[in-house]
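Reviewing the structure listed below.
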Amino acid sequence: MTQPPHVLAIASAGGHWVQLRRLSPAWAGCRVTYVSTDPQLRSGVLGDKRDAAEVRFFAVKDANRWQKLRLMVSLVQIIWILLRTRPDVVITTGAAPGLFALHLAAIMGKRTAWIDSIANAETLSLSGQMAGGRCDLWLTQWENLAEPDGPSYSGSVI
């Protein structure tokens, strides 16, 4: 019997997480592993198994580009999660942990999708700019930021 696809959905806590969770109907029926930077978000996803074949949650260290050591810890955690879970696709709304997961999944030959945060109305986020060359699906939530070579615009999450 064939198992449903396995989606790794990863985003930093806050607005990135809210936007990612609003996309969850897109992977209804899939096995889902959620990853975020706030361990308290676990209860919100593990109690929401109605649309997924299987749901798991992992927390990783929160970090930004000025916190190099914390970024390295987060990177190692994400490597471990990817090797342990072996997803078929990685979907992220950002920021740093999502970018790490996206790049690593691309190296592993997995399908990847980046949806830039709706908060970035004038320019793409730095992570969103860096994601572009590495993902299979690169989206912006602002029509004015869409370009012929990407990112594409297909609507907004919020």
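The values are calculated or read from the model by the stated rules, or taken from the named source; none is laboratory data. Please read all numbers here as calculations on a predicted model, not as lab measurements. Note: areas computed on protein heavy atoms with side chains; ligands, DNA, RNA excluded. Shrake-Rupley method; radii C 1.70, N 1.55, O 1.52, S 1.80 Å.
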Heavy-atom accessible area of Met130 with all protein chains present, probe 1.4 Å, nearest 10 Å²? 100 Å²
Highest GNM mean-square fluctuation among Ile81, Ile115, Ile107, for the chain with Cα springs under 10 Å, belongs to Ile107
Assuming a viscosity of 1.306 mPa s and a temperature of 10 °C, what translational diffusion coefficient in µm² per second does Stokes-Einstein assign to segment 71-158, Rh being the Kirkwood radius over Cα pairs? 121 µm²/s
Which whole-number value in Å³ per residue fits the convex hull of the alpha carbons of segment 33-104? 87 Å³
Computed over the chain, the distribution of all Cα-Cα distances in 5 Å bins, rounded to whole %, is 2, 10, 20, 23, 22, 14, 7, 2, 0, 0
